[in-house]
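K.L.:
Have a look at this one before I ask anything.
The values are calculated or read from the model by the stated rules, or taken from the named source; none is laboratory data. Just so you know, these numbers come straight off a predicted model, no measurement behind them. Counting neighbours? That spans all protein chains shown, and the Cβs are built from the backbone with ideal geometry, glycine included. What goes into the accessible areas is simple: the full protein's heavy atoms, side chains included, and nothing from ligands, DNA or RNA. Shrake-Rupley method; radii C 1.70, N 1.55, O 1.52, S 1.80 Å.
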Amino acid sequence: MQIEILSKEELLQFKSELIQEIKQAIKSDDAPAKQWLRSSEVRTLLKISSGTLQNLRIKGILPYEKIGGIFYYAYSDIVQLLGEIGNS
């Protein structure tokens, strides 16, 4: 097994590229026209696990509404979150 050491600059570049890819995925024609998304739609859109989405809820990073046991997320909040991540 070969171990590769990455520099901080390489990690920052990777972060920037990843954020750009996520933003492009959201802006693409596949982006939902709906104002509110269910958990499964958010996970697919952001390509994250259910545990990661739960952590975003628990930490208050991604606002949500819970109606009848179903979590709903505003599409605008997801876009805003990605903008904040890209600016950090």
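K.L.:
When the residues of segment 52-81 are filtered to those that are open to solvent by 40 Å² or more (accessible area, probe 1.4 Å) and of a type in the set (A, V, I, L, M, F, W, C), which remaining residue is nearest to Q20 (Cα to Cα)?
P.N.:
V79
K.L.:
Can you confirm whether E41 is open to solvent by 90 Å² or more (accessible area, probe 1.4 Å), at pLDDT 90 or above and outside any loop (DSSP other than H, G, I, E, B)?
P.N.:
Numbers: open to solvent by 90 Å² or more (accessible area, probe 1.4 Å): no; at pLDDT 90 or above: yes; outside any loop (DSSP other than H, G, I, E, B): yes.
For E41, the condition - open to solvent by 90 Å² or more (accessible area, probe 1.4 Å), at pLDDT 90 or above and outside any loop (DSSP other than H, G, I, E, B) - is not met.
K.L.:
Related question: Tell me whether segment 7-18 contains one or more residues that are hydrophobic (A, V, I, L, M, F, W, C), within 14 Å of L82 (Cα to Cα) and open to solvent by less than 100 Å² (accessible area, probe 1.4 Å).
P.N.:
yes
K.L.:
Of these, I48, I22, which one is at pLDDT below 85, of a type outside the set (S, T, Y) and surrounded by 14 or more Cβ atoms within 10 Å (Cβ to Cβ)?
P.N.:
On the way: I48 fails: at pLDDT below 85.
Checking each option against the conditions leaves just I22.
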